[in-house]
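The values are calculated or read from the model by the stated rules, or taken from the named source; none is laboratory data. Just so it is clear, the model here is predicted, and its values are computed rather than measured. Cβ coordinates were reconstructed from backbone atoms using ideal geometry, including for glycine residues, and neighbour counts include every protein chain displayed.
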Amino acid sequence: MLGNLKPQAADKILSLMADFKADTRQGKIDLGVGVYKDPNGLTPVMRAVKAAEQRIWENQATKAYTSLAGDPEYRDAMQQMVLGDTASGRVASVATVGGTGAIRQALELVRLANPDTVIHVSDPTWPNHLSILNFMGQAHEMYPYFDNDTRGVAFEAMLDALGRAKKGDVVLLHGCCHNPTGANPTAAQWDEIAGVLEKTGAIPLIDLAYQGFGDGIEADAQPTRMIAERLPEVLIAASCSKNFGIYRERTGILMALSDSDKTRDLAQGAMAYLNRQNYSFPPDHGARIVSTILTDAELKADWQQEVEEIRQTLLSLREQLAQELRDLTGTDRFDFIARHRGMFSRLGATPEQVAAMRQMAGIYMVGDSRLNIAGLNRDSVPVLARAIVEAGV
Ligand code: LMR
């Protein structure tokens, strides 16, 4: 039986990790997978996470199952972090296996409600969105998102395409820090997006994987909160991998907002059912770390400060890279790097130019020229800037 299996195409992001590891050159630079690295190239355990783990170790009296939906304290704390007070009483939620698990469960929920639903995804989007949709055989369409000339959002084309979505279709939006481009709608543009969703009756599915890495923890949640206030039904898939640095703990949440108690309860039941079918009880350790931090004023303040330090590091690397490129080219055509937000920027280089940078300077970025800004430090920025120019980007 197993001999009937077909080889699977390698994941573009994960295979890059292996290629980087196999490269023996000194001074190689990893701008691939979306993991935060400090200036020494390490992905540290955050201070508040260490402290929370110690408290859990000291105080946890049992590891018996929680509930199919996960620990209520975690779900409440996450609801507060993502939505503030905007949607109280309207939210059904389940803890999931990371943000990817939340996306998968969201799509399972949509399929359970109506298997013919069309999902609209940005062009480009995180490759795993498409991989999951293809694996599930779920109908989907791409809407224009990135303007390769300005390296900003192709807003008119995006709005136009979203205006053609049908009632009941699902529109997958990146709530902040768009992956892979780093280009994001302005607040005014988010308003217009909400207006189009209201008009068409399409349902937003918001992927929120980088809250805190763009303009701040609260600011990054604003588009999601505004949409939650205006739309009757909203799905939100949030991840704690990056902003709590607990990647391997696989900590995420799916929230489903509705406009009646009856629908909310139906959604809650369906989501717990889906957890049971796919993996039964969701993992708890990461969720407990998160709720320990978010419900303790001191730990929360320390965590907020560390997220802000990370955000500032990303911003200053962006500024430095844009400045280096300004100096080298005598133009401002790479200033978009400083305007982008989050971990990533799409450079707009061709696959050949990406390959040339890898060959010449050991610089590893995803083939679509997505670079992880957090893979840089003050010393490697000039190396990257020179490679970008030498590759003719
Ligand atoms: C990324 O986009 O690099 C991250 O979300 C990690 C992953 O699983 O792809």
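Residues in the range 334-393 that are of a type in the set (Gly, Ala, Ser) and in a helix (DSSP H, G or I): Ala338, Ala355, Ala356, Ala361, Ala374, Gly375, Ser380, Ala385, Ala387. Every condition in (1) aromatic (Phe, Trp, Tyr); (2) more than 16 Å from the ligand (Cβ to nearest atom); (3) over 28 Å from Val91 (Cβ atoms) holds for Tyr65 except the one numbered (3).
With respect to the stated conditions, Ile217 fails to be in contact with a helix residue (DSSP H, G or I) (Cβ under 9 Å, 6 or more places away or on another chain), within 29 Å of Lys166 (Cα to Cα), away from the ligand (no atom under 16 Å from the Cβ) and β-branched (Val, Ile, Thr).
Only one entry of Ala349, Ala338, Ala356, Ala374 meets the criterion of being over 23 Å from the mean Cα position of the chain (by Cα) and among the hydrophobic types (A, V, I, L, M, F, W, C), and that entry is Ala356. The residues of the range 370-385 that are in contact with a helix residue (DSSP H, G or I) (Cβ under 7 Å, 6 or more places away or on another chain) and either of a type in the set (Lys, Arg) or surrounded by fewer than 21 Cβ atoms within 10 Å (Cβ to Cβ) (or both), listed by number, are Arg378, Pro382, Val383. In summary, Lys50 fulfils each of the numbered conditions (1) surrounded by 15 or more Cβ atoms within 10 Å (Cβ to Cβ); (2) not in a loop (DSSP other than H, G, I, E, B) with the single exception of condition (1).
All conditions in (1) more than 16 Å from the ligand (Cβ to nearest atom); (2) in contact with a Lys or Arg (Cβ under 8 Å, 6 or more places away or on another chain); (3) outside any loop (DSSP other than H, G, I, E, B) hold for Pro39, with the sole exception of (3). Entry remark, the range 239-259: residues being among the β-branched types (Val, Ile, Thr) and either within 13 Å of the ligand (Cβ to nearest atom) or not in a loop (DSSP other than H, G, I, E, B) (or both) number 2 in total. Evaluate the range 267-277: report whether one residue or more is assigned to a loop (DSSP other than H, G, I, E, B) and not aliphatic (A, V, I, L, M). Among the residues of the range 267-277, not one is assigned to a loop (DSSP other than H, G, I, E, B) and not aliphatic (A, V, I, L, M), which makes the answer no. All conditions in (1) surrounded by fewer than 16 Cβ atoms within 10 Å (Cβ to Cβ); (2) within 30 Å of Ala356 (Cβ to Cβ) hold for Gly89, with the sole exception of (2). Checked against (1) in the same structural domain as Leu347 (by TED's automatic domain parsing); (2) at pLDDT 95 or above; (3) of a type in the set (D, E, K, R), Lys37 passes all but condition (2). Number of residues in the range 136-149 that are farther than 16 Å from Arg370 by Cβ and touching a helix residue (DSSP H, G or I) at 6+ places or on another chain (Cβ under 7 Å) equals 5.
Set side by side, the residues Gly182, Gly212 differ, and just one is farther than 21 Å from Leu294 by Cα and not in a helix (DSSP H, G or I), which is Gly182.
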